[in-house]
1. Read phi for every residue in the range 99-115 and hand back ³J(HN,Hα) as whole Hz from Karplus 6.51 cos²θ - 1.76 cosθ + 1.60, θ = phi - 60°, with x for Gly and Pro.
2. So what J values fall out for the range 457-466 if you push phi through Karplus, 6.51 cos²θ - 1.76 cosθ + 1.60 with θ = phi - 60°, rounded to Hz, Gly and Pro as x?
3. Taking H as built 1.01 Å from N, whose amide H comes closer than 5 Å to the amide H of R356, not counting residues under 5 places away?
4. Using only the Cα atoms of the range 270-404, what do you get for the radius of gyration and for Dmax, in Å?
5. Let me check I've understood the local charge: for Q679, count other residues with C-beta under 12 angstrom from its C-beta, Lys and Arg +1, Asp and Glu -1. What total comes out?
6. Please compute the per residue accessible area over the range 311-358 with all protein chains in place, 1.4 Å probe, rounded to a whole number of Å².
7. Give the long-range amide H neighbours of K405: residues separated by 5 or more places, or on another chain, with amide H under 5 Å away, using H modelled in the peptide plane at 1.01 Å from N.
8. Treating cross-link reach as a plain straight distance, find the lysines whose alpha-carbon is under 17 Å from the alpha-carbon of K615, omitting any fewer than eight places away in the same chain.
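The values are calculated or read from the model by the stated rules, or taken from the named source; none is laboratory data. This is a predicted model, so every value here is computed, not measured. Backbone-built Cβ (ideal geometry, glycine too); neighbour counts: all protein chains shown. Each accessible area value is taken on the protein alone, full model and side chains, heavy atoms only, with ligands, DNA and RNA left out. Shrake-Rupley method; radii C 1.70, N 1.55, O 1.52, S 1.80 Å.
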Amino acid sequence: MIQGLKFEIRNLRFRGFLMRRKFCIPFFFLWGILSVCSFHVSAQGQGPGQIKKIEIEQYNSLEFDAKIAPDAQRVIGDVRFRHDDVIMTCDSAYFYSEKNTLDAFSRVHITKTDGSVTVDGDFGKYQGNIKFAEIWNNVVLEDADAILKTQHLYYDMNTEIAYYLVGAEIFNKGNDMVSKLGYYHRNINMFYFKKDVVLHTPDYTIVTDTLNYNVHTKIADFVGPTFIQNEKDTIYCELGWYNTNDTVALFRRNAWIKSGSTTTNADTLFYESQTGNGRAFSNITIVDTTNNIVIKGHKGEYNNITDRAWMTKEALLIMAGKEDTLYLHADTLRTDVDTMKFKIMKAYNKVKFFSRDMQGMCDSLAMSLQDSIVRMYVEPVIWAQGNQMTAEYIEVETEKQNPKKMNMIGKGFITSEEDSSWFNQIRGKKIVGLFRGQNELYRIIASGDGETVYFTREGDYLTSANKIAAPDIEINLKNKKAEEITYKGKSEAETIPVVEFDHTELTLMGFKWLVSHQPLDKDDVFRWGEITRTIDKQYDEIVAEETQPETLDSLRRRIEVLISGRQAEVGVAIMGFKDKDTLTINNRRHYPTMSVYKYHIALAALRLVDFGRIKMDQKVLVTKEELHPDTHSPLRDDHPEGNVELTVAELMTYMVSKSDNNACDIMLKLLNGPKRVEQLVKSMGLSDISIAATEQEMHENPEKQNDNWTTPFSAVNALDICFRTDMLSERSRGFLWKILTETTTGPDKIKGKLPSNAIVGHKTGSSFRDENGMKLADNDIGIVQPPNGYHFMIAIFVSNSKEDDQTNATIIADIARMAWDYYSKKKE
């Protein structure tokens, strides 16, 4: 083996060509010796900053093929190339020294010198100047975390990004994936899958259109319509994540879980598959088709294995019967199962229910589906067929969800109104009411010191009152009136003519008339205390809400009242950081972002910083030509002559904190244009967003202002990235928060009516008015931190406004203050 023999490729090729013409025999004699030797070719004159040449380290024979290219060298037999930290082997190759590229054939194998990754295939092309490989047929990429198999792979070794466009299989420690398109960012351990994505885990099969997957943490992010299924559960969402290690997941946007006969919908669902535990937030609906039960609320927990759940925040139980539907509200609803696996429903604190034939209220209630008995505790009241029934404790025996028997224990009292001043009354230690047919109360039995007061009338006029006391009393009713009364045991009776009516004498001990608390429709179950009606029902609802603790729904209604009647279209989204409870109003339309999109540009730039594609301290030359004179630009004011070098960090500070339009366009140019920025932010899980025009393009053609748009919900999701460790590094998130909190524009918008101790990071955006005085956009999005730690994200878009600028700002400030009041009062 001859060691240390080196030639310069370019000179060897040229001299070899001459020698083949003039000195053929000596040349091939030498060539035969060298063909079995370890052969090394390097580039001379390599200096700092120069492109490194591919080096040939090993082969069995080498020849030239001018028909292919002037500098084409055909390398055959156990070929080995080296380029920086990349080693490539194959059976044969064409090497083009001038272009610094090669084509490799058969058993192509590419590896890093540290062994961190290998790529195998049948055929490959490698471009040394940009360290880019393309491999075909039976391609396998393997590293410590994943194996990727495809028929055509592109691999950028500068950025450590591999991608495919013809479908692939990926294997990651028990998880298998397939998709039509995909990108693998090895430096951050992330796969980005598109089109016909299927992820198989030991517990679930996930089918989606867009999926981001971390091969190190094994966490999958969903960025589009997604189904997650196994033999027991089916889950759907359009945004969320799933940790395949511990089967913990968060589902958002139209999310639902179906397990057996129970389906749960919510704005946000947090689920642990192994334990069956789940939490739900905002607009929750649980449907149990087996028992015809629906439960609604805004905060709840459930367990699909034990079939236990609780709900609070405007909790509502709906039980559908054949003839009627029951609506029941309480501060907290809880479902459980007894030892026989029958479901038990419990309601705590301020219970009120409504159905067409029966209404009621109490402090707490329990309902068993085993014995079909409803038990009411602490000052229970039931209204049915014009009768008010009270006792210390009431239980109702039901059959097919219809009452059959009612037991009123301790101070039982039944009252019905005879006219506006006089009431029929039945009193006893225990009262039993019997029902038949369509919830008809047909018999009442009072025992234990029974007393009654009944009025008689002739036509429309009362004539007398009968007051009777007896140990036991039985009353048969017809058409809701007493038809026959039987008194058992020793009784005392008195008939009082109308002229001697006296309220004291004709009112039994314990009498209460509580009709002002009676719910008259299903919405009244949410109102505790006396219910009053006004002509302005909307106003009445607002007043009623003010007596209750603030909820997300009441906050929504207050905002809707605020913006109603405004000469503007107002879109709102508010999302809590801890619970991810979300409120949206008018979210379906696309709102022009104006300068709000500078925040999204910053997200894209920081994404590339974390990828190592650009650096925060990287210098960017700003020319005078780039400093347009007819636009908002503190950068131009600071450097009117231009031709100054600024770092990427400085440009982003101008762009976001000072909303500089020139800095914005310079950053867009650095990031390869608006559409590239849009692609980057969408790769971070954002949807419902378009970034298509620069600031200068919008200035020259105002119609292009509509080309940059988003929705309020998408905007708060973009703000949420400030807290997400899977999207940006800690350093990038810290810098982003810094430039948001240093924003100088729009002090009268989100910050306008907040207390001085509020910490706010935000980004505003606004347009000029058109010739008709209409303003296309007045916007503000931001993150607000109350002292109690309940941070929230808020996005408010005021569009097509005929209101003045101060009114637009006040609308934004008022909505932000309402959100502040809601979240600053929240407790753990």
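1. Each residue of the range 99-115 in turn: 7, 6, 10, 8, 10, 10, 10, 6, 6, 6, 9, 10, 8, 7, 4, 7, x Hz.
2. 8, 10, x, 8, 10, 6, 10, 7, 10, 9
3. T325
4. 14.9, 51
5. My count for the surroundings of Q679 gives +4.
6. 46
7. Sorted by chain and number, the residues that satisfy this are E397, F435.
8. K669
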